[in-house]
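K.L.:
Submitted below is the structure of interest, expressed as structure tokens.
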Amino acid sequence: MHVRNRVLAVVATLAMAGIVPGIAPGTASASTPDGDGTAGDVVSSAPTAFHPLPLQPTNTSAWHITYRSTSATGAPNVVSGTVIVPRDGRKGPRPLVTYAVGTVGLGDRCAPSANFPTGTAVEATLINQVVQKGWAVAVTDYEGLGTPGDHTYAVGRSEGHAMLDAARAAQRLGIPGVTAASQVGIMGYSQGGQASSWAAELHDSYAPELKVVGTVTGGVPADLLEVAAYNEG
């Protein structure tokens, strides 16, 4: 885990080097949205905490959010996630990374947003390295992980939508410097590598307004049948 984190941190730094560098709490929502809205709209937001390790403080502001997205079959849904922003006094535009974690489980208690406050999220130390560069980070919980319904594990199109809409939602929260003008990076490893690859491929057709400038994707399970055959053998 430590080796993977260090390698990803170096790759992320190289890939993202080209990036130029007061929210009302809401309520939890169902997995199917009610009323009108578009993908990326914030359904609810509430202050939360981001700790890379148990009791390790960070100079950040964080919000647990639910936001509108789209399932793999094109149906509207609601996904949860976390937006993390450094408290560094920056006034101008701030880069934004939309981040997808590797496999954590199928229960809602496994969602990244459920573990950031206690410092028990597996990839929080890596995410913290991104935050320490002064970049905002939006971490999706994926469809059904943190909201009602089944987690659509390894369903690439759903994951890609959730990542892109997490970036949209972060830009719509009203955070100074995190706006539609922010340059966006896409990042993930393992299941998150699959998600980030799908997000990169879907960007032009699904969320062309996002100013995506780079993608860091690793450990991609691109063909799960091949992976299963290899592991069995």
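The values are calculated or read from the model by the stated rules, or taken from the named source; none is laboratory data. If you're wondering where the values come from, they're calculated on a predicted model, not measured in any experiment. Here the Cβ positions follow ideal geometry from the backbone for every residue, glycine too, while neighbour counts run over all protein chains shown. SASA here: full protein model, heavy atoms, side chains in, ligands and nucleic acids out. Shrake-Rupley method; radii C 1.70, N 1.55, O 1.52, S 1.80 Å.
K.L.:
Computed FRET efficiency, Cβ-Cβ of LEU55 and VAL213, R0 25 Å: what is it to the nearest 0.05?
P.N.:
Rounded to the nearest 0.05, the efficiency is 0.10.
K.L.:
Among bridges DSSP assigns within the range 81-233, what percent are antiparallel (round to 5)?
P.N.:
Restricted to the range 81-233, the bridges split so that about 20 percent are antiparallel.
K.L.:
Quick one: accessible area per residue over the range 109-155, 1.4 Å probe, rounded to a whole number of Å²?
P.N.:
For the range 109-155, the per-residue accessible area is 35 Å².
K.L.:
Measuring with a 1.4 Å probe in the full set of protein chains, what accessible area per residue, in whole Å², belongs to the range 42-100?
P.N.:
Result: 38 Å² per residue.
K.L.:
Given a 1.4 Å probe and heavy atoms of the protein chains only, how would you sort LYS133, LYS91, largest accessible area at the top?
P.N.:
LYS91, LYS133
K.L.:
State to the nearest 20 debye the size of the charge dipole of the range 81-169 about its Cα centre, where the only charges are +1 on K and R beta carbons and -1 on D and E beta carbons.
P.N.:
540
K.L.:
Taking 7 Å along the Cα-to-C-beta vector as the label spot, tell me the VAL227-ARG109 distance in nanometres, rounded to one decimal.
P.N.:
2.5
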